[in-house]
Amino acid sequence: MHVLVVDDEGLARQRSMRLIESIDGFDVIGEAANGDAALKAIQTLDPDIVLLDIRMPGEDGLATAKKIAQLSDPPAVVFCTAYNEYAVEAFETLAVGYLLKPVQKDQLAAALDKARKFVKLQRAASTQDSDRSERRRNIAAKTRRGVELVPIEDIYCFIADQKYVTIMHRNGETLIDDTLKELEEEFKGVFVRVHRNALVAIDEIEKLERMPTGQYELKLKTTEYRPVVSRRHVASVRELLSNL
């Protein structure tokens with residue numbers, strides 16, 4: 001995988017490049033000192049991954065990442081910064097990693113490996129609907145431990161309860177501030193509404209079952225949790241499953 005290193009500090013770029021070159025499977029294809037130079041380098045060098053600083057003269061890393069996300073077949077972005085207060089905003093740009101300086105080799109290797117997997121998935125899905133690249137790859141949530149990043153592919157469902165939404169995923173449950181309506185619009189075709197208070201990952205659905213009480217539930221593939229399907233949504237869910 002080819003990596004472009006973007007940082008306004010020359011010493012920081014050199015250190016990052018040395019670390020990358022010491023990790024198997026990754027090569028530095030170029031470097032840039034600001035956002036404009038990064039965008040030009042992406043067009044000419046076509047990197048797989050961009051290691052991007054946030055605070056830079058001129059257009060900062062967040063603005064640059066948003067422009068990168070608008071490119072056709074954009075590279076994966078991993079932020080590498082000395083500041084932790086931009087984490088949530090950073091992941092809203094579709095970034096796949098956020099590293100704090102001074103970055104350690106094992107942390108960088110893990111972030112690059114995650115970016116490599118993202119690139120492979122992105123390429124495999126290149127023939128699917130064009131708006132898929134506009135969706136977030138992860139949901140960022142503020143917790144007591146800091147910012148928790150939940151990959152979309154690990155999520156079973158979103159459950160609304162009053163003003164909060166709970167993500168049910170492979171590693172537990174996480175509260176977020178997004179609304180179900182926003183999530184439903186963003187992940188159309190990935191999650192389906194089965195209840196006024198619930199969205200379920202389509203790929204997780206094994207079958208629709210009617211219980212002795214007359215209530216409908218979904219049996220999911222990788223969790224024992226069984227989302228309730230409201231009667232109003234039974235027909236649409238049944239039709240969806242018949243077309244899978």
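The values are calculated or read from the model by the stated rules, or taken from the named source; none is laboratory data. Treat the numbers as computed from the prediction; the structure is a model and nothing was measured. Every residue, glycine as well, gets a Cβ built from its backbone with ideal geometry; the counts of neighbours run over all protein chains shown.
So for the stretch 19-27 (the condition being hydrophobic (A, V, I, L, M, F, W, C) and free of Cβ contacts under 8 Å to residues at least 60 places away in the same chain), does at least one residue qualify?
Taking the stretch 19-27 as the starting set, the residues that turn out to be hydrophobic (A, V, I, L, M, F, W, C) are 19-20, 23, 26.
From the residues that got through so far, the ones that are free of Cβ contacts under 8 Å to residues at least 60 places away in the same chain too are none.
No, the stretch 19-27 contains no residue that is hydrophobic (A, V, I, L, M, F, W, C) and free of Cβ contacts under 8 Å to residues at least 60 places away in the same chain.
Note down all Cβ pairs under 7 Å where the first residue falls in the stretch 40-66 and is in a strand (DSSP E or B), the second is surrounded by 23 or more Cβ atoms within 10 Å (Cβ to Cβ) and of a type in the set (Phe, Trp, Tyr), and they're at least six residues apart or on different chains.
Pairs found: Leu52/Phe79.
Condition check: at pLDDT 85 or above, of a type outside the set (Lys, Arg) and either farther than 17 Å from Val28 by Cβ or in contact with a strand residue (DSSP E or B) (Cβ under 6 Å, 6 or more places away or on another chain) (or both). Does Val119 satisfy that?
no
Being in a loop (DSSP other than H, G, I, E, B), surrounded by fewer than 16 Cβ atoms within 10 Å (Cβ to Cβ) and not charged (D, E, K, R) is the filter here, so list the residues in the stretch 153-187 that pass it.
Once the filter is applied, which keeps residues that are in a loop (DSSP other than H, G, I, E, B), surrounded by fewer than 16 Cβ atoms within 10 Å (Cβ to Cβ) and not charged (D, E, K, R), the stretch 153-187 yields Gln162, Asn171, Thr179.
In the stretch 17-28, what residues are under 24 Å from the mean Cα position of the chain (by Cα) and surrounded by 11 or more Cβ atoms within 10 Å (Cβ to Cβ)?
Ile20, Ile23, Phe26, Asp27, Val28
Evaluate the stretch 95-106: report whether one residue or more is at pLDDT below 80 and either outside the structural domain of Glu21 (by TED's automatic domain parsing) or outside any helix (DSSP H, G or I) (or both).
Checked the stretch 95-106: no residue is at pLDDT below 80 and either outside the structural domain of Glu21 (by TED's automatic domain parsing) or outside any helix (DSSP H, G or I) (or both).
Out of Gln43, Gln70, which single residue is in contact with an Asp or Glu (Cβ under 9 Å, 6 or more places away or on another chain), modelled with pLDDT under 90 and loosely packed, with under 15 Cβ neighbours inside 10 Å?
Only one candidate qualifies: Gln70.
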